[in-house]
Amino acid sequence: MKGMKIGVDFGSYSLRMCTENNPNAVDELSAAAFASESGAPIAYGTRAYTLDGRTDSNISVTKMITNGVISDFTFAEKILAEYFSRVCGNRIYKPNIMVSLPSDVTNIEKKIFLDAVTRAGAGRACLVDGILASAVGTGVSQEKIGGRMVIDLGHQTTEIGIISMGTVAAAATVRHGSFDIDNAIIKHFKKDRDIIIGPHTARQIKHKIAFAVERECELSLMASGKSGVDEMPISFEVTSSEIFPFVDEQLSFLISEIHSHLKNISPELLSDSADHGITLCGGGVLLFDIAERFENELGIRCNIAENPEKSRILGIHKIITDNAILENNGYQFIFKDDIRDRLKRFDRI
């Protein structure tokens, strides 16, 4: 097949790309900064994300993915085109693009992704089930009979999947993720301490001192924000016990939603998963003691993947370099002209 193969994990927080020869070709944040009046792009990726909250109204920062699907088509197309160009260089043939999607996306949402990647420069495109890619990236064997459960805790979505014989036997998506913990921390400081903090600070607090289970030991951190009284800069101390109730509330809701989906899984697959344990991956598992929290509430042994944040892109890399995985799951790279025909059929659905 002519043209470079590029795998894409386009998430609500991160944008990662791989090629056949490089599993870490791109590792940026999913953001674009543009001039508010003209709409001209100013920065993409991590550089754009760092501008959020640090510029005046003349520059706007947008996140292009919301709950696993494209929310800003124009800049999604532009950022994909930018990084496709960087990865491909001056190659003559257009690239073959594989993009991961949540298992429950609609035909309209698939159409939007296919349209974005083809407009961004793909010669052929292929959509892959994101939870399968995550499972492959965590090392789930393609030949094993019986279910292996993987839970991918993302920024705005959490995906649950059971893999058997290299295919997705059952899957579900919860529209709740680590971002909701960040948001709860932000609301707490605004409501209870009249301190305004941004998403960067909330994320730092979560990663450095937040526990998934209540502990007697105490961690503390000095953070910076803005006083809600006089809107002047303020430094303040925050402790793990102070934020635990808000972390606890969000995790309780998330695990309750996961538990409700597990009730719909067949006894055989659920029994297999209990025997082999649950593999946790995604950026949300970086919270202290998260595996213990899931074990306590689901009653199933849990372990964290070796490289949890990059499990999905590592899985996509394995898939695009292994024709057997592609064939076993019926994945095909479709020519651009054929994609246009499919997009027209999606319009009639």
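At-a-glance table
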{"read-out": "Estimated [θ] at 222 nm from DSSP helical runs (n ≥ 4, -39500 (n - 2.57)) normalised by residues in the chain, nearest 500", "value": "-12500 deg cm²/dmol"}
{"read-out": "Karplus-derived HN-Hα couplings along the stretch 89-103 (A = 6.51, B = -1.76, C = 1.60, θ = phi - 60°), whole Hz, x at Gly and Pro", "value": "x, 9, 5, 6, 7, 5, x, 9, 10, 10, 10, 8, 9, x, 5"}
{"read-out": "Relative counts (whole %) of C-alpha pair distances in the stretch 1-127, using bins that are 10 Å wide", "value": "13, 45, 32, 9, 0"}
{"read-out": "Packing-based order for 215-225, 14-24, 278-288, using average beta carbon neighbours within 10 Å, highest first", "value": "278-288, 14-24, 215-225"}
{"read-out": "Peptide ranges 312-322, 164-174 listed from the most packed, as the mean C-beta count within 10 angstrom indicates", "value": "312-322, 164-174"}
{"read-out": "Links that overshoot a 27 Å alpha carbon limit, given the list Lys206/Lys226; Lys110/Lys187; Lys187/Lys263", "value": "Lys110/Lys187; Lys187/Lys263"}
{"read-out": "Contour excess over end-to-end distance, with Cα ends at Ser271 and Val229 and 0.36 nm allotted per residue", "value": "9.6 nm"}
{"read-out": "Check: the chain dipole with +1 on Lys, Arg Cβ and -1 on Asp, Glu Cβ, in debye", "value": "1460 debye"}
{"read-out": "Over the chain, relative contact order from alpha-carbon pairs under 8 Å, at least 6 apart, %", "value": "19 percent"}
{"read-out": "GluC sites (Glu not before Pro) restricted to the stretch 29-112 and DSSP loop, no more than 10 other C-beta within 10 Å", "value": "Glu37"}
{"read-out": "Kyte-Doolittle at least 0.0, axis length at least 30 Å by Cα - qualifying DSSP helices, the chain", "value": "240-262"}
{"read-out": "Summed side-chain charge close to Asn24 - residues other than Asn24 whose Cβ falls under 9 Å, Lys, Arg +1, Asp, Glu -1", "value": "+1"}
{"read-out": "Pairs of Cα atoms farther than 21 Å apart, the stretch 115-186, %", "value": "44 percent"}
{"read-out": "Spacing of the two label points (7 Å from each Cα toward its C-beta) at His207 and Glu292, in nm", "value": "2.2 nm"}
{"read-out": "Rh by Kirkwood over Cα pairs, then Stokes-Einstein D for the stretch 153-199 at 1.567 mPa s and 4 °C, µm²/s", "value": "102 µm²/s"}
{"read-out": "Farthest positive-ward along the chain dipole, Cα basis, beta-carbon charges - from Ile79, Phe179, Ile243", "value": "Ile79"}
{"read-out": "Rg(Cα) / (2.2 N^0.38 Å) computed for the stretch 58-149, rounded to two decimals", "value": "1.28"}
{"read-out": "Built amide H within the under 5 Å cut-off of Ile97, gap 5+", "value": "Ile6, Gly123, Arg124, Ala125, Cys126"}
{"read-out": "Reference-scaled alpha-carbon Rg (2.2 N^0.38 Å with N residues) for the stretch 140-304", "value": "1.19"}
{"read-out": "Expected-Rg normalisation [2.2 N^0.38 Å, Cα atoms] applied to the stretch 201-281", "value": "1.59"}
{"read-out": "Value of Rg to Rh for the chain (Rh from inverse mean 1/r over Cα pairs, i.e. Kirkwood)", "value": "0.99"}
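Since every read-out is calculated from the coordinates, none of them should be taken as a lab result. Predicted, not measured: the structure shown is a model, and the values here were computed from it. Ideal geometry is used to build each Cβ from the backbone, glycine not excepted, and the neighbour counts take in all protein chains shown.
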